[in-house]
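K.L.:
Structure below; questions to follow.
The values are calculated or read from the model by the stated rules, or taken from the named source; none is laboratory data. Model, not experiment: these values are computed from the prediction. Here the Cβ positions follow ideal geometry from the backbone for every residue, glycine too, while neighbour counts run over all protein chains shown. Ligands, DNA and RNA are stripped out before the accessible areas are found, and what is left, the full protein with its side chains, is counted by its heavy atoms. Shrake-Rupley method; radii C 1.70, N 1.55, O 1.52, S 1.80 Å.
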Amino acid sequence: MKKCGYIVLLGMCLLNVLVSKAKSETLPLKDIQHILDSAYFYVVDNPNKTIVLLDSIINMLDDSYAERAIALQYRCMAKKQKAEYEGSIVDCLESLRLEEENENLLNQINLLNLLGNIYRFQRKYDEAVQYYVKSLKIGEISYPKSQEIGDTYNGLACVFSARKKFEDAQTYFKKAESIRNTGAAISEEKINIERLAATYQDIGGMYLRMDSLDAALRHYEKSIELNKTIDNQYSLGKIYDGIGSTYLKKKAYKKAIQYYEKSLESKEKSSDKRGVAVTATNLCELLCEQKRYEDAMSYCDKSIEYGKDLKYYKVLENTMSVLYKVAKVKGDNKEALDHYENYIAYKDSLNNKKKDIEIQKIISQYKIEKEKAEAEKLEIVEQQKTQQRQNMLTTGMLSALIMSLGLFFYSRSKKKLHEEEKKRRLQEEQLRKETEGRRIEEQKLYKQVVKTLEKDAEINAVNAEINAKLQERTKVASALHDSVCSGLVSARMHFESVKNNITPEDEAVFVRGFGLLNEAYEICREISHDLSPPMLAKFGLAPAIEDLCEKLSTPQTQLQFNATPFEERLDHQQELTLYQSIQELLQNILKHSSAAEAHVQLTDYGDSLNILVEDDGKGFDTAAIADGGIGLQRISTRVKHLGGSMDVDSTPGNGTTVIIDVPKLLTSENGSIS
């Protein structure tokens, strides 16, 4: 009933806005405040309607109204809900500017936290931390026990959790939980309960990352209890997702499916279309892995329906990948080909969308700078006109003065006019130079756009070259092993067959020749193994890396290895690329780090693989080698070729950590990529 009331109020407010706009009138301030109250409740449930409503309000109000800052903040929240992060940041920064002018510190903290959250959702953690720290500087002095500073602690904890710095994350979660519990105890308002529930949910997510699965479930349950008291279906959907992922890690697939279905139900109730698309994809994939293909199809259809409606290409790409695997299992090659073509199409659409966003950023920045330049130009022209009017008035007054006071004052007036004319010419010359400078900047910006597009083409060429080199290495290794090494073995057998028939005078020559033959065989075998390690070919990536760590360990530097169980083999080229990358990282540690210990960890996340290589050595300044670390750049290029990412975290004296995340490319029994 409460939600129905808000729907009616929102509809009436929107009608009033449209009527006032048609009459070119401004709504009374009281009505605007009612509309803002209504819009707040629809930020999550109906962000599109919220944005339409707030657009009209923002256009009606100028900077002198405090309500304009609030409307911009709510529109920022609605755009964030739709994952329109660029527009969300623009609104948030404009609202922050107004609140700084109004010296409203509490709203400044809210907006800084909101900016931190937006960057955190995009995994731009450095930018997120900058805004959280700005919030702390204001909040810890002015509002040290406020719920808003609790939001800041919670945001910082989530950043540390995402970066797997769990001790720091736990420290800030404790601070946030303490403030949340105090707020919920003092007042049972919905917002206080929501905040406490959100903190328990985020703590559960941290324990899930730490693989402390029982602790994760306990905190998720606490969050569920609180959210049920306020019927927060939106948050319940996300928590059920977390519980489903927890049971998935426990390999309790039946329970994982049950909670994913609960998540889907809650997300549909809260109109969280993006959430529905993601959870439907997860159910589709999980049921297919359990070979419950008929049950999976309805979720696959729902994922495709929402994915197309939202143009959510990542969801569509994942769903088509699952359908392709199912068709291959069923032996329906035609359907498999159709799904594979759709998978490639949506993958290309996702890549094109990313490129379009980058180009749009550059173009938007160019437009902003151009508009700013034109505004400055108009301001200068207006100043010149004002100056000219003043000059005319001054000239008239001076002329009257000249007529009354004589030749002496006439001479002084003429001199002054000459100086004013000279000043005007100097201003015109300065304006001409500034215009020319802006033209040059526009040309530079255009070249930058072209350079970005050329760089994309260059990356594609590098990817092709890496593929060719990998194939060539495999071919050469196979040729050495199958032809050259086999020939040397055969020659050695012939030598051994005549060993007993050698005369004493020929024995020394025979021994020398036999030794050279063995040496050639060992060299050939070593080259073949370097090009394509046999452990990798026979047993896969994890055993090969474990063997590599044992071989490379020295008394000075011990190399440790651990991995989660790998149920399936990866694509051979992907295994070889990752093996070579890890090998190069370990050799760098042995050569440069002066480390006593180094660790390699492989973690299988189902559809992706995480590789952690860290040492306790002397570390280095990552900024200082940003343009010169050829080895790290080469490894990064390999990882990008696999569709993954590589992060390097190091400071002098604190060791080095390299994290690689790549999507898994599996090899089926017939050798094809699945």
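K.L.:
Which FRET efficiency, nearest 0.05, do residue 274 and residue 419 yield, Cβ-Cβ r, R0 60 Å? If you can, show how the numbers build up before the last one.
P.N.:
Details: r = 66 Å, r/R0 = 1.10.
Once rounded, the FRET efficiency stands at 0.35.
K.L.:
Calculate the FRET efficiency for residue 230 and residue 587 from the Cβ-Cβ distance with a Förster distance of 60 Å, rounded to the nearest 0.05. Each step should come with its number before you reach the end.
P.N.:
Working: r = 56 Å, r/R0 = 0.93.
Calculated transfer efficiency: 0.60.
K.L.:
With r as the distance between the Cβ atoms of residue 383 and residue 309 and R0 = 56 Å, compute the FRET efficiency 1/(1 + (r/R0)^6) and round to 0.05. Numbers along the way, then the final one.
P.N.:
Details: r = 52 Å, r/R0 = 0.93.
Result of the calculation: an efficiency of 0.60.
K.L.:
If you roll a 1.4 angstrom probe over the protein chains with everything in place, what fraction of the accessible area of region 112-229 belongs to carbon and sulfur, to the nearest %? Intermediate results must be reported in sequence, preceding the final value.
P.N.:
On the way: 2700 of 5670 Å².
Answer for region 112-229: carbon and sulfur cover 48 percent of the accessible area.
K.L.:
I'd like the accessible area for residue 605: 1.4 Å probe, protein heavy atoms, all chains in place, Å² to the nearest 10.
P.N.:
In the full protein context, residue 605 sits at about 90 Å².
K.L.:
Give, in nm to one decimal, the length gained when the segment between residue 265 and residue 603 is fully stretched (0.36 nm per residue of separation minus the Cα-Cα distance).
P.N.:
118.6 nm
K.L.:
How large is the dipole of region 95-183 about the Cα centre if only Lys and Arg carry +1 and Asp and Glu carry -1, each at its Cβ, rounded to the nearest 20 debye?
P.N.:
That gives a dipole near 460 debye.
K.L.:
Accessible area per residue, 1.4 Å probe, Å², for region 127-242: what's the number? Before the final figure, lay out each step's value.
P.N.:
Values: 5390 Å² over 116 residues.
Roughly 46 Å² per residue, with all protein chains present.
K.L.:
At 7 Å along the Cα-to-beta-carbon direction for both residue 292 and residue 514, put a label point, then send me their distance in nm to one decimal.
P.N.:
Roughly 6.8 nm, to one decimal.
K.L.:
A follow-up question, please. By how many nm would the segment from residue 507 to residue 191 grow when fully extended, if each residue of separation counts as 0.36 nm and the alpha-carbon distance is taken off?
P.N.:
So the extension gain works out to 104.4 nm.
K.L.:
Answer with one residue from 162, 138, 104: the one whose Cα lies farthest towards the positive end of the charge dipole of region 61-213, charges on Cβ with Lys, Arg +1 and Asp, Glu -1.
P.N.:
Looking along the dipole axis, the top candidate is 162.
K.L.:
Placing unit charges on C-beta atoms (Lys and Arg positive, Asp and Glu negative, everything else neutral), compute the dipole magnitude of region 193-305 about its Cα centre in debye, rounded to 20.
P.N.:
Dipole of region 193-305, to the nearest 20 debye: 280 debye.
K.L.:
Compute the whole-percent fraction of alpha carbon pairs in region 58-210 spaced more than 24 Å apart. Write out the running numbers ahead of the final one.
P.N.:
On the way: 3835 of 11628 pairs.
Tail fraction, whole percent: 33.
K.L.:
A further question follows. Fully extended, how many nm does the chain gain between residue 121 and residue 390 (0.36 nm per residue separation, minus their Cα-Cα distance)?
P.N.:
Values: separation 269, 0.36 × 269 = 96.84 nm, distance 5.54 nm.
In short, 91.3 nm is gained.
K.L.:
Next up: Solvent-accessible area per residue for region 559-631 at a 1.4 Å probe radius, Å²?
P.N.:
Values: 3440 Å² over 73 residues.
I get 47 Å² per residue for this part.
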